[in-house]
Amino acid sequence: MSVLQGKKVLLGITAGIAAYKTATLVRSFIKSGAEVKVVMTPTAKDFVTPLTLSTLSKNPVNSTFYEKEEENELWNNHVELGLWADYMVIAPATANTLSKMTNGVCNNLLLATYLSAKCPVYFAPAMDLDMYIHPSTKKSLDALQSYGNVMIPATSGELASGLVGEGRMAEPEDIVAFIEKDITSKLPLRGKKILLTAGPTYEAIDPVRFIGNHSSGKMGFAIANAAANLGAEVFLISGPSNQQIKHPLVHRIDVVSADDMYDAAHTYFNTVDVAILSAAVADYKPKNVAHQKIKKKDSSLQIELAPTKDILASLGAIKEKQFLVGFALETNNELENAKGKLKRKNLDAIVLNSLQDKGAGFATDTNKITIIDKDLTEKSFELKTKVEVAKDIINEIVKKINA
Ligand code: CTP
């Protein structure tokens with residue numbers, strides 16, 4: 001899966017002959033799973049038509065600050081466009097545009113959008129060889145990189161002038177590959193390994209019955225995805241759950257009971273940097289599991305329960321360099337109970353969900369959390385979807401392990 005999957009790419013096209021290749025570039029971004037919007041300089045339209053680009057990107061193409069629609073004039077909001085983008089890519093980037101970008105000139109929509117963009121900006125220069133090596137161009141390229149923009153270097157070959165040399169825009173597939181590689185190399189959890197437990201556990205009573213709980217696994221799976229999206233290799237130990245996950249960096253290990261989960265967690269713990277235990281592990285299991293199906297009788301049935309092993313506490317007892325995160329689902333005295341668990345289980349942080357908060361807990365798509373760290377500092381978050389909550393949890397962990 002590409003790191004561009006689900007990302008918003010704003011492609012800025014300027015007036016160079018290589019603009020004809022941007023139709024393929026839009027397709028390549030879309031193939032990698034990105035959503036694409038195009039902003040072009042007015043003269044870039046002489047090289048490639050907005051109709052081609054809007055058809056391929058399935059989004060309107062903007063090139064002017066406002067548009068006449070019947071009697072109304074519609075303002076194209078460059079700030080909104082700049083903020084919409086996860087990545088801005090200016091390709092081809094002409095000597096003229098590069099020089100204007102360097103100096104903060106914004107006399108067209110593309111330049112104003114560039115100045116407004118807060119996201120990473122890539123630019124792929126394209127021009128004739130003498131223009132490319134001119135000191136003023138060199139100055140622009142150096143200045144733009146010093147501002148934090150990333151250059152996708154021009155390549156050598158035959159140029160539109162007939163001359164042969166450096167100045168050709170990188171090929172569309174190479175531009176996408178360059179950006180994917182650059183993003184991957186900067187992911188904050190790249191090279192880190194994370195152990196995650198998720199879902200419920202089922203404790204067998206007999207061959208057909210068990211004691212379980214309503215945990216869906218949604219929260220844990222969302223955390224696995226959020227961590228993998230930031231480059232971590234994730235070992236997701238899941239109890240019985242219908243959740244699906246397809247990410248090349250996530251290894252799913254299916255287990256059933258608390259004992260299975262304990263064994264799997266201990267198998268991976270030594271090799272990981274972070275362990276997040278979000279599973280709703282059964283606290284008790286039947287002391288004896290019947291080998292045959294228990295038959296119905298008229299008298300009442302008693303099942304003696306024995307405590308399961310506390311996986312989180314057992315990892316807290318042996319942890320060395322690992323950053324260990326637990327979860328606490330509480331109904332009363334929430335903060336006090338969560339802080340107690342944090343200390344008792346030797347954790348680096350605990351994620352508290354209170355069942356008193358509407359929309360928090362097991363069966364919902366939303367959650368409301370407070371993260372408490374080792375120093376008992378609390379950080380509360382709004383009610384959000386579990387996907388957003390997962391990102392918050394992972395971002396907090398990234399901050400703490402890099403602190
Ligand atoms: N946990 C675990 N193994 C268990 C029980 C719980 O790893 N056998 C982990 C959970 O995954 C969670 C944390 O411990 O990260 C808190 O679980 P919780 O059930 O809230 O805490 P308990 O210590 O079991 O306390 P109580 O049920 O009394 O609130």
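Phi-derived couplings, Karplus 6.51 cos²θ - 1.76 cosθ + 1.60 at θ = phi - 60°, listed residue by residue for the range 44-56: 4, 5, 6, 9, 8, 8, x, 5, 4, 6, 6, 5, 6 Hz, with x used for Gly and Pro. Residues whose amide H comes within less than 5 Å of that of PHE65, counting only those at least five positions distant or on another chain, are LEU109 (H built at 1.01 Å from N in the peptide plane). Across the range 74-91, rounded Karplus estimates of 3J(HN,Hα) from the backbone phi angles (6.51 cos²θ - 1.76 cosθ + 1.60, θ = phi - 60°) give 9, 7, 8, 7, 5, 5, 4, 4, x, 7, 5, 6, 7, 9, 10, 10, 9, 8 Hz, Gly and Pro being marked x. In the complete set of protein chains, residue-level accessible area for PHE210 is approximately 100 Å², probe 1.4 angstrom.
Of the residues ASP348, ASP365, ASP298, ASP310, ranked by 1.4 Å probe accessible area with the largest first, the sequence reads ASP298, ASP365, ASP310, ASP348. Residues whose amide H lies under 5 Å from that of VAL150, counting only those 5 or more places away or on a different chain, are VAL121, TYR122, PHE123; hydrogens are built 1.01 Å from N in the peptide plane. When DSSP beta bridges are restricted to pairs lying wholly in the range 50-191, around 55% turn out antiparallel. For LYS138, the shell of other residues with beta-carbons less than 15 Å away shows a net charge of -3, using +1 for Lys and Arg and -1 for Asp and Glu. Dividing the summed helix terms, -39500 (n - 2.57) for each DSSP H run of n ≥ 4, by the number of residues in the chain produces a 222 nm estimate of -9500 deg cm²/dmol to the nearest 500.
Centre-to-centre separation between the Cα atoms of the range 221-244 and those of the range 93-143: 40 Å.
Quote the relative contact order of the range 193-401 in percent (integer), defining contacts as alpha-carbon pairs under 8 Å separated by 6+ residues.
Relative CO of the range 193-401 lands at 20 percent.
Under 5 Å from the amide H of ASP254 lie the amide H atoms of SER238, each residue being 5 or more positions distant or on a separate chain, with H modelled from the backbone and absent for Pro and chain starts. Computed with a 1.4 Å probe over protein heavy atoms only, the accessible surface of the chain comes to 50 Å² per residue. Summing Lys and Arg as +1 and Asp and Glu as -1 over all other residues whose Cβ lies under 9 Å from the Cβ of GLY167 gives a net charge of -2. Largest accessible area first, the residues LEU111, LEU129 order themselves as LEU129, LEU111 under a 1.4 Å probe with ligands, DNA and RNA left out.
Couplings 3J(HN,Hα) of the range 386-403, computed from phi: 4, 5, 5, 4, 4, 5, 4, 4, 5, 4, 5, 5, 4, 4, 6, 6, 9, 6 Hz, in residue order, whole Hz [Karplus 6.51 cos²θ - 1.76 cosθ + 1.60, θ = phi - 60°; x for Gly and Pro].
Based on every Cα atom in the chain, Rg and the maximum pairwise Cα distance Dmax equal 27.5, 96 Å. Using C-alpha pairs below 8 Å separated by at least 6 residues, the relative contact order for the chain is 11 percent. Neighbours of GLN5, meaning other residues whose beta-carbon lies under 13 angstrom from its beta-carbon, give a summed charge of +1 when Lys and Arg score +1 and Asp and Glu score -1. Each DSSP beta bridge with both residues in the range 86-166 is either parallel or antiparallel, and the antiparallel ones are about 35%. When the solvent-accessible area of the chain is split by element, carbon and sulfur atoms take up 51 percent of it, the probe being 1.4 Å. Averaged over residues, the count of other Cβ atoms within 10 Å places the peptides 50-56, 286-292 in the sequence 50-56, 286-292, highest first.
Centre-to-centre separation between the Cα atoms of the range 1-73 and those of the range 302-323: 54 Å. Could you tell me the relative contact order of the range 130-267? Use alpha-carbon pairs under 8 Å, at least six residues apart, and round to a whole percent. Result for the range 130-267 is 18 percent. Restricting attention to the range 323-403, close to 60% of DSSP beta bridges with both partner residues there are antiparallel.
Once divided by 2.2 N^0.38 Å, the Cα radius of gyration of the range 1-105 becomes 1.07.
The values are calculated or read from the model by the stated rules, or taken from the named source; none is laboratory data. Source: prediction; values computed, not measured. Ideal geometry is used to build each Cβ from the backbone, glycine not excepted, and the neighbour counts take in all protein chains shown. With ligands, DNA and RNA removed, areas are computed over all heavy atoms of the protein, side chains included. Shrake-Rupley method; radii C 1.70, N 1.55, O 1.52, S 1.80 Å.
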